[in-house]
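Here is the structure we will look at.
What follows draws every value from the coordinates through simple rules; no lab data is involved. Source: prediction; values computed, not measured. Positions of Cβ are generated from backbone atoms using ideal geometry, with glycine treated the same way; all protein chains shown enter the neighbour counts.
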Amino acid sequence: MPKRSTRLGAVAATLALAPLAATTSAAAPAQTSAKEFRLEQAIRLSPFGERPAFSPDGGRIAFIGKAYGDAYEIELATGKIRNLTRNIPHQGIVRIQYLPDGNYLVTAPSRYVGPNSRAHLEMWVLDKSLDKALQPLREKPFEGIAVSRSRNMIAWTTIEPELSPEESWRLAFSRPTKRYVAEISYDRGIPKLVDKREIMPVLPKECGFIEPQDFRRGNSELIFSCLGAGPGGTPLVSVMGYTLTSGAFVTYRREAGEYNEVEGIAADESWSTVECGQQSGPRLPPLDICRLELKPNGTMTRLIIGAMPGSTRHVSNPVVSPDGKWVAFQSGDSTVGEEGEGLGVYLMKIAD
């Protein structure tokens, strides 16, 4: 069957929260907006690649060429692309993000063991000089890592106990997990994690698994995607927040029949991009990119049209530029390549 590119959608059918139903009642679609864009209006920055991330100054975008490949960076002023890890030994890069100090946070396995490496990834720091080996942080995140804009503070989820290399990575979504925050510090130039502590010791009943995405409100709140089960057991992905000081949870978007995976947050923190679609069964629906107000039950409007009728193309992994005027994302094709593969990095201007 065709596969879609997303972090959580491909595993929803394996989440052992309830038996999956074939259909569920349809929810109202996201409201349309006067500013609604199509893929052909975007600037193609690269004919290959996936998982873009804006630099803190907005002048560059880092991305990976393909899962377990090299990491790249494009300079937006010139369009010049450079390979960041060509001369650095590694077992395959899966994600790359910018740290506020100018270095890069990399997710990669210490030893590639095939597709199940996805459940055995580790955190590394790539020095901005590009003249040092990947420096390990000795933690194993599963899926995405939230990175603060203002300091080297991160949050992640781990599988505990760890899966064996022979077990399918998909099982991670139905196994016990824990969640942590910590700071990346340096001791004579060597990075390490400090002030590590567990957060969300008990998840909301709606969430079987959560993926951290962004910090907000002076790093006191963590925005995350909640993967659970909706009516009849159909997968339900929603947008939530967690206050680190009080332990309180807030729901920003949860609607039966919808798939809403939060992605990049705007610089003013008032809204976020979301992979959005109508979830009518265990398979991932065609996805658009939506704009969600980060208020309880906030308004969501469609921002970028993803899949068109009769087309297998789609868009995903959107991030917002520091000035809030641009969205970078990847495009893919559900009939081409591996699950989650991006077939190009794009840039869309959404505001003047």
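Observations, loosely collected:
- Electrostatic dipole magnitude of the range 155-234 [Cβ: Lys, Arg +1; Asp, Glu -1; Cα centre; debye, to 20]: 180 debye
- Theoretical gain in end-to-end length, residue 160 to residue 299 [0.36 nm per residue, Cα-Cα removed]: 46.4 nm
- Distance in nm between pseudo-label sites at residue 174 and residue 267 (7 Å out along the Cβ direction from Cα): 4.5 nm
- Between the residues 305, 207, 177, the greatest Cα displacement towards the positive end of the dipole of the range 9-349, with unit charges on the Cβ of Lys, Arg, Asp and Glu, is found for 305.
- Charge dipole (the chain, unit charges on Cβ, about Cα centre) - positive-most of 90, 106, 294: 90
- Classification of the range 118-186 by its C-alpha gyration tensor yields an oblate form. The axis ratio a/c (a ≥ b ≥ c) is 1.5 or more, and b/c is at least a/b.
- Options [x] -0.18, -1.27; [y] -0.24, -1.28; [z] -0.19, -1.40 - which one matches log10 I(q)/I(0) by the Debye sum over Cα atoms at q = 0.06, 0.15 Å⁻¹ as calculated here: [z]
- Around residue 138: net Lys/Arg minus Asp/Glu count, Cβ-Cβ under 10 Å: 0
- Global geometry of the range 108-267, whether rounded, prolate or oblate, following the gyration tensor of its Cα atoms and the 1.5 cut on a/c: oblate
- Rough spin-label spacing in nm, given labels placed 7 Å along Cα→Cβ, for residue 256 and residue 167: 3.3 nm
- Theoretical gain in end-to-end length, residue 78 to residue 132 [0.36 nm per residue, Cα-Cα removed]: 16.8 nm
- A crude spin-label estimate for the pair residue 219 and residue 249, with each label 7 Å from Cα along the Cβ direction, gives 2.5 nm.
- Shape category assigned to the range 255-321 from the gyration tensor of Cα positions, a/c cut at 1.5: oblate
- Dipole magnitude for the chain: about 120 debye, using +1 per Lys or Arg Cβ and -1 per Asp or Glu Cβ, origin at the Cα centre.
- Beta bridge orientation in the chain: antiparallel %, DSSP, nearest 5: 95 percent
- The relative contact order of the range 9-349 comes to 20 percent, based on Cα pairs under 8 Å that sit 6 or more residues apart.
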